[in-house]
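K.L.:
Here you go, one structure.
The values are calculated or read from the model by the stated rules, or taken from the named source; none is laboratory data. Owing to the predicted nature of the structure, the values given are computational and were not obtained by experimental measurement. Ideal geometry is used to build each Cβ from the backbone, glycine not excepted, and the neighbour counts take in all protein chains shown. Side chains are part of the model used for accessible areas, which takes the heavy atoms of the whole protein and leaves out ligands, DNA and RNA. Shrake-Rupley method; radii C 1.70, N 1.55, O 1.52, S 1.80 Å.
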Number of protein chains: 2
Amino acid sequence: MATANSALANGCDNGPSPGRLSSVYSEVQTSRLNHPLPLPSVLKGHFKLVDGPPSSAAGNPDEIAKLFPNLFGQPSAKVVPTGSDPSDSAGSLKIGVVLSGGQAPGGHNVISGIFDYLQERAKGSILYGFKGGPAGIMKCKYVQLTPEFIYPYRNQGGFDMICSGRDKIETPEQFKQAEETAVKLDLDGLVVIGGDDSNTNACLLAENFRQKNLKTRVIGCPKTIDGDLKCKEVPTSFGFDTACKIYSEMIGNVMTDARSTGKYYHFVRLMGRAASHITLECALQTHPNIAIIGEEVAAKKQTLKNVTDYITNIICKRAELGYNYGVILIPEGLIDFIPEVQQLIAELNEILAHDVVDKEGLWKKKLQHQSQLLFEFLPQAIQEQLLLERDPHGNVQVAKIETEKMLISMVETELEKRKLEGTYSGHFKGQSHFFGYEGRCGLPTNFDATYCYALGYGAGVLLRSGKTGLISSVGNLSAAVEEWTVGGTALTSLMDVERRHGKFKPVIKKAMVELEGAPFGKFASMRDEWALKNRYISPGPIQFMGPGSGDVNHTLLLELGAQA
Amino acid sequence: MATANSALANGCDNGPSPGRLSSVYSEVQTSRLNHPLPLPSVLKGHFKLVDGPPSSAAGNPDEIAKLFPNLFGQPSAKVVPTGSDPSDSAGSLKIGVVLSGGQAPGGHNVISGIFDYLQERAKGSILYGFKGGPAGIMKCKYVQLTPEFIYPYRNQGGFDMICSGRDKIETPEQFKQAEETAVKLDLDGLVVIGGDDSNTNACLLAENFRQKNLKTRVIGCPKTIDGDLKCKEVPTSFGFDTACKIYSEMIGNVMTDARSTGKYYHFVRLMGRAASHITLECALQTHPNIAIIGEEVAAKKQTLKNVTDYITNIICKRAELGYNYGVILIPEGLIDFIPEVQQLIAELNEILAHDVVDKEGLWKKKLQHQSQLLFEFLPQAIQEQLLLERDPHGNVQVAKIETEKMLISMVETELEKRKLEGTYSGHFKGQSHFFGYEGRCGLPTNFDATYCYALGYGAGVLLRSGKTGLISSVGNLSAAVEEWTVGGTALTSLMDVERRHGKFKPVIKKAMVELEGAPFGKFASMRDEWALKNRYISPGPIQFMGPGSGDVNHTLLLELGAQA
């Protein structure tokens, strides 16, 4: 049975949390509650939705058409001003909203945006928050959102208003459960706030509801700190701006420390498993001596030895200049980009599933020659991690490998070798850092707060107009908020297919760092200077008022062709 | 040969750094350069120094009197307003300044304060910055500070203007070198910016110069993020405010993440080796579920098992309430506070200096029974760390022990036991964090920026008046800046002696967390509520303008009897 509208409980499914209302707020948190959120001009007066031309798919349109017979080809839509609002006469709506996947700063503002749209433009509407992610839809666990319930979460970080979850609605039974909830709550619409997977799922749900002739429409919203859900119409995913600024604050502090102390190399691993956008953005914000971009490592088919040598060479050159310190940024997913490491892990998974690791190391002979060499090249601690830390399926837990410590150890070994050869005479001390959880739930920057609010408000407009299978799209982001564009993009137009278990599966491809793109181009043009000269920038803490409070991240500005 | 006054080189001794002038600044950094620094009213008009009564020592005054025959008993001094400045007619001065020990936000502002005092009140004066810490004094490596040189460092973090170092001036030869530098540069005074050790050293230097009839006076300034250099006249050390706010921002973010995700226990180790002030202050700012205060562990003679059980018990109670997440703060120096661990390490140092660690573990029989039990109780990774990671003297490297990971592992083991016993049925996943280097070089808060400026300006006043062996003291800090008091406290009055190698050594005792003090009292009165209910506060990023930008840390306010 669902619990609805208890103002004292937050919407999470992980216990009877007292929620925010019983919390004491810091002065900054309190000040953010009443921070006014400007809307794009087009959302302030009367407006209507205008459809664009029919859409296709990012790849394999024929297969996408088969997978989405009801939605494929539908146009994207744009909000334009009009003399009088044609939907002014429409009645109230019942809408559900769900947070899906990992946290990103600004999620609460998307919900606030939907809510305020309904309050202002569709009086009498009801907004349900599904608790704990998509599982909340399937189990029909929800909370009815009220002004009092939402208020303490305005402009605040985290997803704790209704919490998130990583379940997916995939099987026929699960789709059935979702249908039952939609019918039971008489939902006109559902907003799915999530990353690439969740938006693919949202589109499947939209297709399914349409096929079953349910009235429930589904709209997606682009969320992920990783920054890898974006396209022409969706210039960035929310949370990326805040997370990168939090990490860059810390990196800037560590840089100043490195320069002041003069004796440490700081190896900073940054969250962002699949793509290296976070590492690239932090590099553009702070100018580290080295930043490894996974996509480049993959494109150049580099080995772990290549990466180690690249770092070691710069450390040696710096030592000659008298610098025995520095800051090096490493993307969390680095080893996923190195083919030989993938190969080794695949072989280890196979061998360790069947064989015992004998103390004499005879098991190693089962590795292919190349993998054997790589294994021996790895520091002992990493070797042990590969052999011991296994998930319940017996697989190596790649995410648990502390890449920054591994690189420190490998660089150390290489430097010792060079010392013996007489080609290096500096001092090397590595310090490791991992910045991840610190950035997922920070107070959203002014940019993320405003962007999310517009995404939510726009999602309300799309639902009110009867749209489904679109992702809320706010554009022209390098201009003033007033000039931002608002609309929806056909989710099928972002899709391609992947072959899994003999079947075509629709996927929104992750947007990886483009080596031909402007952000990487700028980085590549400056990194040699950063490597040897110290061009460190300390962005400082995120400001909500005064200088710096209106800054937008470099990646977005460069991609939009603006001056970063 | 010294290099003086190159505006393009920073003052560090670790290479030909291009310094700040060639750096690009972030918008926030730039805005801080021109941030106006208010002075206490007493420093704005005409003022004079008034001496207090003769002073004694913190302990063993007879021994301190023997160690400081020229300085012992001298009064502290206070700046008071006067009709006309009696020193207005005095000439120019030659002053040196040195940064000693680890970085703390605000060091650059102390130097700015001294410089501005000399510019405004002793025209024609010269300020030398000794490079790379006390070694710069001994080697006579310095840079002459000019308005152009200082400007890029105003209100900026780090110590890179002249850099710091950990050398000490201790031996007769080293004192001789310092004398030579003082004579060579014709120094009227020297300001030593440092922690307890550095200020003890400053006092020895003052005594030595006085004894040799040199004109060079020495004034100390209280620096350390650890917050353990303080007394009645010196209510706080600079840097503590900024560092704690940076760590608290991160802790608050991690708390919101914990609540949103609902499945992780975050174990956060915080810098601050000797005392637990940082952990206590961060607890007061953020309200974690658990914070371990080393001084309490020591006072209650707790074992590692006691600490583990305390954490585990709370985790079990929270699981019963439905919470399988939480945030736990741990001071870096925790294991230094646990007598049994100290005993084990002492025995290990002894055994491993002479014996081989045999694979069969026969060596363990040489441990005392209690230590043997403790060793077996430790997680395997920590056992290995104790056996393998040794410094060049063969001693266990206590600082390298990742206490947070050790506790996660021990809690895990204990919870598994309870699961088998049927007394725990929750889910436990630990995430470890260490916040340290991120906080030492942040942009100083408005409080630290202003406090440091007053400390520096006040040090100038003390030197101009011919004072020596005092520590710059700015008080009444819970009031508005205008009402702050300014003066100097006799360093000998802070001292006691310790017996080392059969000799009495003077020491300024570290100010540990007082279990009878107001900050710990407030924490102790609230922690049971924090443990089971979630009272998390997210302080957010440090603000330089608007709400929160004038906040002072809780520890200081509580100790001053003000409402935190």
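K.L.:
Could you list, in their original order, any pairs among A:141/A:503; A:232/A:305; A:364/B:359; A:245/A:509; A:305/A:509; B:48/B:168 whose Cα atoms are separated by more than 27 Å?
P.N.:
Distance filter (> 27 Å) returns A:141/A:503; A:232/A:305; A:305/A:509; B:48/B:168.
K.L.:
While we're on this one: Could you compute the net charge surrounding residue B:65? Neighbours are other residues with a C-beta less than 14 Å from the C-beta of residue B:65; K and R count +1, D and E count -1.
P.N.:
Summing Lys and Arg as +1 and Asp and Glu as -1 gives -3.
K.L.:
A follow-up question, please. Rounded to the nearest 100 Å², what is the buried accessible area between B and A, both sides summed, probe 1.4 Å?
P.N.:
Adding both sides of the contact gives about 5500 Å².
K.L.:
Return the average number of partner chain Cβ atoms within 10 angstrom of each residue Cβ along peptide A:420-430. Numbers along the way, then the final one.
P.N.:
Details: counts 0, 0, 0, 0, 0, 0, 0, 1, 0, 0, 0.
For this peptide, the per-residue mean of nearby foreign Cβ atoms is 0.
K.L.:
With respect to the axis carrying B onto A, what is the closest chain B residue by Cβ position, and how many angstrom separate it from the axis?
P.N.:
Closest Cβ on chain B to the axis mapping it onto A, in Å: B:541, 2.
K.L.:
Oh, and also: Work out which residues of the stretch B:543-561 lose at minimum 10 square angstrom of accessible surface when the other protein chains are put back, relative to the chain isolated, with a 1.4 angstrom probe, and list them by number.
P.N.:
The answer is B:543, B:544, B:545, B:546, B:547, B:548, B:551.
K.L.:
How much space per residue, in cubic angstrom, does the convex hull of the C-alpha atoms of the protein assembly as shown take up?
P.N.:
184
K.L.:
What is the sum of charges, Lys and Arg at +1 and Asp and Glu at -1, for the other residues whose Cβ falls under 15 Å from the Cβ of residue A:52?
P.N.:
Taking every other residue near residue A:52 into account, the sum is +2.
K.L.:
Still on this structure: Quick one: which residues, 5+ away or cross-chain, put their amide H under 5 Å from the amide H of residue B:473? H built at 1.01 Å from N.
P.N.:
B:487, B:488, B:489
K.L.:
Give the calculated FRET efficiency between residue A:476 and residue A:343 to the nearest 0.05, with a Förster radius of 56 Å applied to their Cβ-Cβ distance.
P.N.:
My answer for the efficiency is 0.80.
K.L.:
How far is it, in nm, from the label point at residue B:372 to the one at residue A:24 when both lie 7 Å from their Cα along the line to the Cβ?
P.N.:
That separation, rounded to one decimal, is 5.0 nm.
K.L.:
What do you reckon, how do A:231, A:163 stack up by accessible area (1.4 Å probe), largest on top?
P.N.:
Solvent-accessible surface, decreasing: A:231, A:163.
K.L.:
Turning to a different aspect of this structure: With all protein chains present and a 1.4 Å probe, how do A:528, B:241, B:358 order by accessible area, largest first?
P.N.:
Ranked from most to least accessible, the order is A:528, B:358, B:241.
K.L.:
What angle, in degrees between 0 and 90 and rounded to the nearest 10, separates the Cα long axis of helix A:339-354 from the longest principal axis of the Cα atoms of chain A?
P.N.:
The two axes meet at around 90 degrees.
K.L.:
How far is helix A:196-211 tilted, in degrees, relative to the longest principal axis of the Cα atoms in chain A, given as a value from 0 to 90 rounded to the nearest 10?
P.N.:
That helix lies at roughly 30 degrees to the long axis.
K.L.:
For residue A:349, place a label point 7 Å out from Cα along the Cα→Cβ vector, do the same in each other copy, and report the separations in nm, one decimal, smallest first.
P.N.:
From this label point to the equivalent ones elsewhere in the assembly: 4.7 nm.
K.L.:
Given just the C-alpha atoms of the stretch A:168-254, how large is their convex hull per residue in cubic angstrom?
P.N.:
Working: hull volume 9.8 nm³, N = 87.
Dividing the Cα hull volume of the stretch A:168-254 by its residues yields 113 Å³.
K.L.:
Residue B:35 accessible area, nearest 10 Å², 1.4 Å probe?
P.N.:
Counting only protein heavy atoms, residue B:35 exposes about 50 Å² to solvent.
K.L.:
I would also like to ask the following. Defining a contact as two alpha carbons under 8 Å apart and six or more residues distant in sequence, what relative contact order in percent does chain A show?
P.N.:
22
K.L.:
Please compute the per residue accessible area over the stretch A:465-531 with all protein chains in place, 1.4 Å probe, rounded to a whole number of Å².
P.N.:
Roughly 44 Å² per residue, with all protein chains present.
K.L.:
Considering every residue in B:158-165, what mean count of other chain Cβ atoms within 10 Å of its Cβ is obtained?
P.N.:
Average neighbour count from other chains, rounded to a whole number: 5.
K.L.:
Right, another one. Return the long-range amide H neighbours of residue A:46 (sequence gap of 5 or more, or a different chain), with a cut-off of under 5 Å between placed amide H atoms.
P.N.:
A:82
K.L.:
Turning to a different aspect of this structure: Enumerate the aspartates and glutamates that residue A:184 could reach by cross-link, defined here as Cα to Cα under 18 Å, with residues fewer than 8 away along the same chain left out.
P.N.:
Output for residue A:184: A:173.
K.L.:
Go through the stretch B:440-459 and flag every residue whose accessible area shrinks by 40 Å² or more with all protein chains in place compared to the isolated chain (probe 1.4 Å).
P.N.:
B:441
K.L.:
To one decimal in nm, how far is residue A:310 from the same spot in the other copies, if labels go 7 Å from Cα toward Cβ? Please give the shortest first.
P.N.:
Listed shortest first, these distances are 4.7 nm.
K.L.:
Moving on to the next point. Which of the aspartates and glutamates could a cross-linker bridge to residue B:263, judged by Cα under 15 Å and excluding same-chain residues fewer than eight apart?
P.N.:
Straight-distance partners of residue B:263: A:13, A:160, A:167, B:320, B:412.
K.L.:
Still on this structure: What's the local net charge at residue B:103, with K and R +1, D and E -1, over the other residues with C-beta under 11 Å away?
P.N.:
Within the 11 Å Cβ shell, the charges total +1.
K.L.:
If you put a point 7 Å past Cα along the Cβ direction, how far is that point for residue B:529 from the same point in each other copy, in nm, smallest first?
P.N.:
From this label point to the equivalent ones elsewhere in the assembly: 5.5 nm.
K.L.:
Please report the accessible area of residue B:434 (heavy atoms, 1.4 Å probe, ligands and nucleic acids excluded) in Å², nearest 10.
P.N.:
In the full protein context, residue B:434 sits at about 60 Å².
K.L.:
Assuming R0 = 56 Å, what is the FRET efficiency of residue B:146 and residue A:388, from their Cβ-Cβ distance, to the nearest 0.05?
P.N.:
0.45
K.L.:
Taking only DSSP H segments of four or more residues, each worth -39500 (n - 2.57), what value at 222 nm results for chain A once the sum is divided by all its residues, to the nearest 500 deg cm²/dmol?
P.N.:
After summing the helix terms and dividing by the residues of chain A, the value is -12000 deg cm²/dmol.
K.L.:
Okay, next question. Are any of the pairs A:44/A:467; B:94/B:131; A:366/A:405; A:94/A:131; A:139/A:212; A:405/B:405 more than 22 Å apart by Cα-Cα distance, and if so, which? Can you show the working numbers first?
P.N.:
On the way: A:44/A:467 20 Å; B:94/B:131 16 Å; A:366/A:405 27 Å; A:94/A:131 16 Å; A:139/A:212 20 Å; A:405/B:405 15 Å.
The answer is A:366/A:405.
K.L.:
At 1.4 Å probe size, with the rest of the protein present, what percent of the exposed accessible area of chain A is carbon and sulfur atoms?
P.N.:
For chain A, the apolar C and S fraction of the accessible surface comes to 51 percent.
K.L.:
Helix A:277-286 versus the longest principal axis of chain A: what angle, 0 to 90°, nearest 10, using Cα atoms?
P.N.:
Compared with the principal axis, the helix lies near 70 degrees.
K.L.:
How far, in nm, would the chain grow between residue A:306 and residue A:173 when pulled straight, counting 0.36 nm per residue and subtracting the alpha carbon separation? Spell out each step's value before the answer.
P.N.:
Values: separation 133, 0.36 × 133 = 47.88 nm, distance 4.89 nm.
Here the segment from residue A:306 to residue A:173 would lengthen by 43.0 nm.
K.L.:
Need one value for A:322-328: mean number of C-beta atoms belonging to other chains within 10 Å of its residues' C-beta atoms.
P.N.:
2
K.L.:
Please calculate the 1.4 Å probe accessible area of residue A:377, with all protein chains present, and give it to the nearest 10 Å².
P.N.:
Roughly 70 Å² of residue A:377 is accessible to a 1.4 Å probe.
K.L.:
As an exercise, find the ratio Rg/Rh for the stretch B:337-483 from alpha-carbon atoms, using the Kirkwood inverse-distance average for Rh.
P.N.:
Reported Rg/Rh, Kirkwood definition of Rh: 1.20.
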